[in-house]
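**Q** One structure follows; several queries about it will come next.
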Amino acid sequence: MSLTFHWFLPTNGDSRHVVGGGHGTPATVSGRDRPPTVAYLSQIARAAEEVGFAGALTPTGAWCEDAWLTTAMVSQHTERLKFLVAFRPGLISPTLAAQMASTFQRQTGGRLLLNVVTGGENQEQRAFGDFLDKDSRYRRTGEFLTVVRELWQGGTVDLNGEHLRVQDATLARLPDPVPQVYFGGSSPIAAEIAARHADVYLTWGEPPAQVAEKLDRIRSPAAAEGRTLRFGIRLHVITRDTAEQAWAEADRLLDGFDPQTVASVQAGLARSESEGQRRMLALHGGRRDHLEIHPNLWAGIGLVRGGAGTALVGSHDEVAERIKEYHALGIEEFILSGYPHLEEAYWFGEGVLPRLAAQGLWQHPANKGAAPTTPAGPAVLSPFAS
C-alpha cells in the first residue's frame, strides 16, 4: 500500500530555530520569528500540497491558535490538501462537534481529518473548565466518539452516560465522506479507546523496537473488537543532500538551545501526566549528548518542545531508509514537520518523496487513480521487527 505523508501547520509560530510549547509549557518566544498568520500558514499549506503531502496536522492547546478556525481559513487558499484538525472532545458537545465536522466536509469538498486529543495536562484542562482526571477524560472520549459516529451514520442518539448526556440528537446533513479519526495515547486506557473508535492510531517517534511493541499492544484489543487499525507516526525531519549537511543543521539547532530554557522546559514536562510524554523524556534524559538514539533518529527537539520530540536526520537516502524501516513494522502514515516549516517541506518533498516513489512506495496524491509508474527497482524493506 502506498505510504501517506502529512505535514504540520505551526499555529504557534515558526522560525529557523525550534519553537517549543505544548504539554503545559508555553511556546518559546525567541523562536516565534514568523507569526502564524493565515497568509504564512497558507504559504506552507500550498507548498505541502504542491510537493505531495496528503494533509497537514494542526495542533490544539492554549499555546497555539485554534485549529478549527485556522484550518477553515487556510482551506480556502488550497485545493487538495486535507486538514488533520486536533481537538479536545471534552470542551464541546459531541453533537456540535459532529455538526462542525459535517459543515467542514461540505465547505472544503471532504478535506477534514480529525485528531482526537484526550489528554492535555490537568492545569491546562482546568483553564478550559475541564476538571476530570486523566482516566475519566478517556472514558468521556469513548462516549463522545460513540455519539459522533452514530450521528455521522444518520442515527438519532440518546445517551445517558457517565460523563455525557444527549437526547434526540440528530444531524440535518451528514458528512460526505465521514471524517477519519486519528487517535494517540500510550496508557492502557488509551489503547482500549483507540481499539474501539480510531481509524488511525498515532505514536510519537520512538526507536523502532519501542514502536513495534506499542503497535502490538494496540493490535490485540482492536482484534478483540473485530477491528483492524491503520498506524501512523509523528516525527520531525531534517533531510539534506548529504548526511553531513543534515547533521550540521541539527547541530545548529542544538546550539540555539539556551541552557536555562532547556532546564525550564524539562522541569515543566517532568510534571506531565502523559505516558507518551514520559516516554519522550526518557529518550534523552534532559542531556545534550547521545541524542542519536537510533540510526538517524535524533532526540534533540524534545529538549525544548513538548509532545513529538524526535527527528529523522540524514541524507535523503538515509531518511528514506528509516521510513521504510518504520513501514516494515506496519506504519502507513507519517506526520512530519521541520524548522522552518516552509523550507523543510520542500527539502523533504523534493529530496525524499521521489526516492520512495521510484521504489513504488509512494504516489503523489494528485496522481492517485492514474496508472502506476514502473518503479526504478524493487522496494527493499528492513528485516527489523520485534
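**Q** Only one residue in ALA39, ALA67, ALA97 is open to solvent by 10 Å² or more (accessible area, probe 1.4 Å) and over 28 Å from ALA357 (Cα atoms). Which one? Steps first, please.
**A** Details: ALA67 fails: open to solvent by 10 Å² or more (accessible area, probe 1.4 Å); ALA97 fails: open to solvent by 10 Å² or more (accessible area, probe 1.4 Å).
Within the list ALA39, ALA67, ALA97, the selection yields ALA39.
**Q** Just one of the numbered conditions (1) of a type outside the set (D, E, K, R); (2) open to solvent by 10 Å² or more (accessible area, probe 1.4 Å); (3) at pLDDT 95 or above is not true of HIS23; which one?
**A** (3)
**Q** Any residue at all in the range 250-258 that's in a strand (DSSP E or B), open to solvent by less than 70 Å² (accessible area, probe 1.4 Å) and at pLDDT 95 or above? Let's see the steps before the verdict.
**A** Looking only at the range 250-258, we keep the residues that are in a strand (DSSP E or B), and these are none.
No, every residue in the range 250-258 fails to be in a strand (DSSP E or B), open to solvent by less than 70 Å² (accessible area, probe 1.4 Å) and at pLDDT 95 or above.
**Q** Considering only the range 26-67, state which residues are of a type in the set (Val, Ile, Thr), in contact with a Gly (Cβ under 7 Å, 6 or more places away or on another chain) and within 23 Å of TYR182 (Cβ to Cβ).
**A** VAL51
**Q** Filter the range 259-281 down to the residues that are among the charged types (D, E, K, R) and assigned to a helix (DSSP H, G or I), then identify the one that is nearest to LEU113 (Cα to Cα). Break it down stepwise before answering.
**A** Keep residues of the range 259-281 that are among the charged types (D, E, K, R), which gives 271, 273, 275, 278-279.
Now restrict to residues that are assigned to a helix (DSSP H, G or I): 275, 278-279.
Working: GLU275: 24, ARG278: 27, ARG279: 26 Å.
Ranking the qualifying residues of the range 259-281, first place goes to GLU275.
**Q** Find the residue count for the range 213-244, including only residues that are of a type in the set (S, T, N, Q) and touching a Ser or Thr at 6+ places or on another chain (Cβ under 8 Å).
**A** Kept after step one, since they are of a type in the set (S, T, N, Q), are these residues of the range 213-244: 220, 228, 239, 242.
After this cut, where a residue has to be touching a Ser or Thr at 6+ places or on another chain (Cβ under 8 Å) as well, the list is 239, 242.
Result for the range 213-244: 2.
**Q** Return yes when GLN123 is at pLDDT below 95, within 23 Å of the chain's Cα centre (by Cα) and not β-branched (Val, Ile, Thr) and no when it is not. If you could, list the steps in order and put the result at the bottom.
**A** Working: at pLDDT below 95: yes; within 23 Å of the chain's Cα centre (by Cα): yes; not β-branched (Val, Ile, Thr): yes.
Criteria met by GLN123.
**Q** What number of residues in the range 92-122 are of a type in the set (Ser, Thr, Tyr) and over 22 Å from LEU81 (Cβ atoms)? Give the steps one after another, and end with the answer.
**A** So the first thing to find is which residues in the range 92-122 are of a type in the set (Ser, Thr, Tyr), and the list is 93, 95, 102-103, 108, 118.
Those still in the list that are over 22 Å from LEU81 (Cβ atoms) too: 93, 95, 118.
The total comes to 3.
**Q** Only one of LEU96, LEU145 is over 21 Å from LEU57 (Cβ atoms), assigned to a helix (DSSP H, G or I) and either modelled with pLDDT of 95 or more or touching a Lys or Arg at 6+ places or on another chain (Cβ under 6 Å) (or both). Can you tell me which? Step through it out loud before you land on a result.
**A** Values: LEU145 fails: over 21 Å from LEU57 (Cβ atoms).
Only one candidate passes the filter, namely LEU96.
**Q** Any residue in the range 247-266 that is touching a residue at least 60 places away in the same chain (Cβ under 8 Å) sitting within a Cβ distance under 8 Å of a residue that is in a helix (DSSP H, G or I) and open to solvent by 60 Å² or more (accessible area, probe 1.4 Å)? List the pairs, counting only those 6 or more apart or interchain.
**A** From residues that are touching a residue at least 60 places away in the same chain (Cβ under 8 Å), the pairs are ASP258/SER30; THR261/SER30.
**Q** So, in the range 202-239, exactly how many residues are open to solvent by less than 10 Å² (accessible area, probe 1.4 Å) and in a helix (DSSP H, G or I)?
**A** Summing the residues that are open to solvent by less than 10 Å² (accessible area, probe 1.4 Å) and in a helix (DSSP H, G or I) in the range 202-239 gives 7.
**Q** Could you give every pair whose Cβ atoms fall below 7 Å, whose first residue belongs to the range 35-52 and is over 12 Å from THR78 (Cα atoms) and at pLDDT 95 or above, and whose second residue is among the hydroxyl-bearing types (Ser, Thr, Tyr) and open to solvent by 30 Å² or more (accessible area, probe 1.4 Å), counting only separations of at least 6 or pairs across chains?
**A** VAL51/TYR346
**Q** I'd like to know if the range 149-170 contains one or more residues that are on the phi > 0 side of the Ramachandran plot, open to solvent by 30 Å² or more (accessible area, probe 1.4 Å) and assigned to a strand (DSSP E or B). Lay out the reasoning, then the answer.
**A** Residues of the range 149-170 on the phi > 0 side of the Ramachandran plot: 154, 168.
Checking the rest, the ones that are also open to solvent by 30 Å² or more (accessible area, probe 1.4 Å) come to 154, 168.
Cutting the leftovers down to assigned to a strand (DSSP E or B) gives us 168.
There is at least one residue in the range 149-170 that is on the phi > 0 side of the Ramachandran plot, open to solvent by 30 Å² or more (accessible area, probe 1.4 Å) and assigned to a strand (DSSP E or B).
The values are calculated or read from the model by the stated rules, or taken from the named source; none is laboratory data. The model shown is predicted, which means the values in this text are computed figures rather than measured ones. Positions of Cβ are backbone-derived with ideal geometry, glycine not excepted, and every protein chain shown enters the neighbour counts. For the accessible areas, the whole protein counts, side chains as well, though only heavy atoms, and no ligand, DNA or RNA atoms are used. Shrake-Rupley method; radii C 1.70, N 1.55, O 1.52, S 1.80 Å.
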